Amino acid sequence: MSVLKWWSGLLVAFLLLALLRVFLPLPFANEIMIFSVYAIGCNFLLGRVGFISFGQPAYLAVGAYGTAFYLFYFGTNPYIGILIGIISGFVVSLAVGPLFVRLRSDYFALVNLALAVIIFFLMQKVLAGITHGDDGLWFLTRMDSTPVLDLTQPDQFFIFAFLIAFAVWAFYKYIDDSIYGACCLGTKINEDKLKFLGYNTYNIRLLAFVIANTTTALAGSMYAIYLGFVSPEITSPARVADPIVVTILGGVGTLYGPIVGAIAYTGMKDLLSQVFGNWELIVGFLLVFIMLAGEKGIWGTLAPVLERTFTRLTAPRSAPAPRTEPGVKGT
Amino acid sequence: MKSDDILTVAGLNVSYGESKVLFNINLNASSGQIVACVGRNGAGKTTLLKTIMGFLKPTAGTVTSNGTSLIGRAAYVVAAMGVKYIPQDKKVFSDLTVRENLELGSYATRDYDWDKVTTYFPKLKQLMDRKAGYLSGGERQMLMIGRAILGNPKLLLVDEPTEGLAPSIVAQLKDVFRELSSKSTLVIVEQNLPLVCAIADKVYALNEGHVMAELADREQIKPETCEQYL
């Protein structure tokens, strides 16, 4: 696939986010960054491969608890904690993926939901001896300050989260432009056709599942480091729809959708909730509106308008027609 | 089974659950031949192609290509063995461009020689950046055939390629199939008898899952002869 437009728009989107940092409270900006990473994985599964998963909090929790266990019981370096969170997500998604990706869309959604519920009760009850149940694991004061970017400082964590979100976005942009991205879209559009061409679609789906859920685990690790605390609430059944809501709000299958969705959702949760108690009600109405308006989401609707405006602004102006004096023929 | 038989189907029986669809089908196609299967709707033509491709499991019988059994192999393995299936529905990857559709064909076969595609279908050259979902029926068929011939398959299974197409496109496809037969063996399921009679080296007439006739002599392959079996 063409990678000529590799950098197109990439800087613009993230510079806007960096600007937002100037105007928005730090916790809000940090949450947007983490939620963006969380939603990018879900967006890939839903928009590119056609998998709707109500179990993303399970993989978020796996990453978060992987990081938390390390920082609570074994070490103090948050970077190693994040690495362990990523590895945990990779291992779990590789373990359940071969079974889950055999299922078709609706059963896939439900089996992932079941995994989220299993992990919730594992962390809350069964493994309460090591997870401290609902009290959670607190390790904020156990983390060492790190050189270059000190992840224990919220302002420096923002820069780290920004760079991670940028790298994850660029990685998914690369996948989208690659032949593998086309294969993923092929499995979503017409899986049999890919088989006719000689592709093992099971392997394509499995790889997508592992990539997306490892990304989700990375978001979980970032949450753990940012909050310095993890509890079973992270994989609560009440939160299973969050990443899907963010993805749909932003625009399914669009590269900027997860970022826009994260800003909209976090904005409503953190800012709107200060003036309007039942903010979920607004999200609900907004989702109904988006579905009825063509399922394009905020970015899916805005993108064509912005594209047209940008094209109009950058199009070379045509030279003015030469004025001809009345009665004089042009040569 | 002759050594130059690209495809041999022997005693093939296929069922959809309790409903039996194909009964003791015998068919063979030699190298460079165009073999046509004709028959009414519901005769079992598409089922036959899907079974050869590995999408359906027969209840009895064998399907071999160059002596290698295709039974029990996944469709993508059969495709990798050089057997390509062009389905009837003309559905392409609509969200991908023509170029990306061809790239999918190229990547699977490691064959990036698109000249042979654009030689058969020059129109595709101008449509490279168009989303495949915006192509006409004829253009989609060109794309599907073009994508399938990448990798120089030894056997092409083509399901109702001219259905719903304009006569000019049908005429173009006729020439393309003739040229393709110099490199690949073609098994074509088709109801367009003039086309079949113009290009086929062998015709199997199917009715309600049975082979009613095998016309292997070019002199026999005439619309009126074929029609009596439909």
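Each reported figure results from applying straightforward, stated rules to the coordinates on display, with no laboratory input. Keep in mind that this is a model prediction, so the values were computed, not measured. When we count neighbours, we look across all protein chains shown, and the Cβ atoms used for this are built from the backbone with ideal geometry, even at glycine.
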query: Relative contact order (percent) for chain B, with alpha-carbon contacts under 8 angstrom and 6 or more residues of separation?
result: 27
- prompt: Using a cut-off of 13 Å between alpha-carbon atoms, which aspartates and glutamates can reach B:Lys123, once sequence neighbours fewer than 8 places away in the same chain are excluded?
  reply: B:Asp115, B:Glu139
query: Where nothing but the Cβ of Lys and Arg (+1) and of Asp and Glu (-1) is charged, how large is the charge dipole of the range B:5-227 around its Cα centre, in debye to the nearest 20?
result: 460
- prompt: Peptide A:184-195: average number of partner chain Cβ atoms within 10 Å per residue?
  reply: 5
query: DSSP beta bridges in the protein assembly as shown, what fraction antiparallel, as a percent rounded to 5?
result: 55
query: Given H placed 1.01 Å from N in the peptide plane, which residues other than close sequence neighbours of B:Ile71 have an amide H under 5 Å from its amide H?
result: B:Val63
task: Per residue of the range A:119-124, in order, report the coupling 6.51 cos²θ - 1.76 cosθ + 1.60 (Karplus, θ = phi - 60°) as ³J(HN,Hα) in whole Hz, putting x for Gly and Pro.
output: 5, 4, 6, 4, 6, 7
- line: Scoring chain A by relative contact order with C-alpha pairs under 8 Å, at least six apart, yields a percentage of 30
- prompt: When you count, for each residue, the other Cβ atoms within 10 Å and take the mean per peptide, how do A:268-278, A:54-64 rank with the highest first?
  reply: A:54-64, A:268-278
- prompt: B:Lys91 versus A:Leu19, label points 7 Å from Cα toward the beta carbon: distance in nm?
  reply: 4.3
- request: Decide, for the range B:5-227, between rounded, prolate and oblate: order the square roots of the alpha carbon gyration tensor eigenvalues as a ≥ b ≥ c, take rounded if a/c falls under 1.5, and otherwise choose prolate if a/b is larger than b/c, else oblate.
  value: prolate
task: Note the full-extension length gain between A:Tyr79 and A:Leu313 as 0.36 nm times their separation in residues minus their Cα-Cα distance, in nm to one decimal.
output: 79.8 nm
query: On full extension of the chain, what length is gained from B:Arg218 through B:Glu163, given 0.36 nm per residue of separation minus the C-alpha to C-alpha distance?
result: 17.4 nm
- request: Sort A:Arg308, A:Arg205 so the one with the fewest other Cβ atoms within 10 Å of its own Cβ comes first.
  value: A:Arg308, A:Arg205
query: Can you give the mean number of other chain Cβ atoms that lie within 10 Å of the Cβ atoms in peptide A:225-232?
result: 0
- prompt: Counting only residues 5 or more places away or on other chains, whose amide H sits under 5 Å from the amide H of A:Phe229 once H atoms are built in the peptide plane?
  reply: A:Phe139
task: Could you check what % of the DSSP bridge pairs in the range B:5-227 are antiparallel, to the nearest 5?
output: 55
- request: In whole Hz, with x marking every Gly and Pro, tabulate ³J(HN,Hα) for the range A:239-248 from phi via Karplus 6.51 cos²θ - 1.76 cosθ + 1.60, θ = phi - 60°.
  value: 9, 5, 8, 3, x, 6, 4, 4, 4, 5
- line: Of the residues B:Met128, B:Val211, B:Leu157, the Cα lying farthest along the dipole of the range B:5-227 towards its positive end, which is defined by charges on the beta carbon of Lys, Arg, Asp and Glu, belongs to B:Met128
statement: Per the rule of 0.36 nm per residue minus the C-alpha distance, extending A:Val148 to A:Leu103 adds in nm 11.7 nm
- prompt: Per-residue mean of other chain beta-carbon atoms within 10 angstrom of the beta-carbon, peptide B:68-78?
  reply: 3
- line: Here FRET efficiency (C-beta to C-beta, B:Ala171 to B:Ala74, R₀ 35 Å, nearest 0.05) is 0.45
- line: Quick calc, A:Leu26 & A:Ile87: beta-carbon distance into FRET formula, R0 30 Å, rounding 0.05, result 0.55
task: Would you mind getting me the FRET efficiency between B:Lys116 and A:Phe171? Use the beta-carbon distance for r and R0 = 35 Å, nearest 0.05.
output: 0.50
- line: Hull volume per residue for the protein assembly as shown, using the convex hull of the C-alpha atoms, in Å³ is 238
message: With a cut-off of 8 Å between alpha carbons and a minimum separation of six or more residues, what is the relative contact order of the range B:87-199 in percent?
response: 30
query: Could you give the Stokes-Einstein D for chain A in µm² per second, using the C-alpha Kirkwood radius, 20 °C, 1.002 mPa s?
result: 101
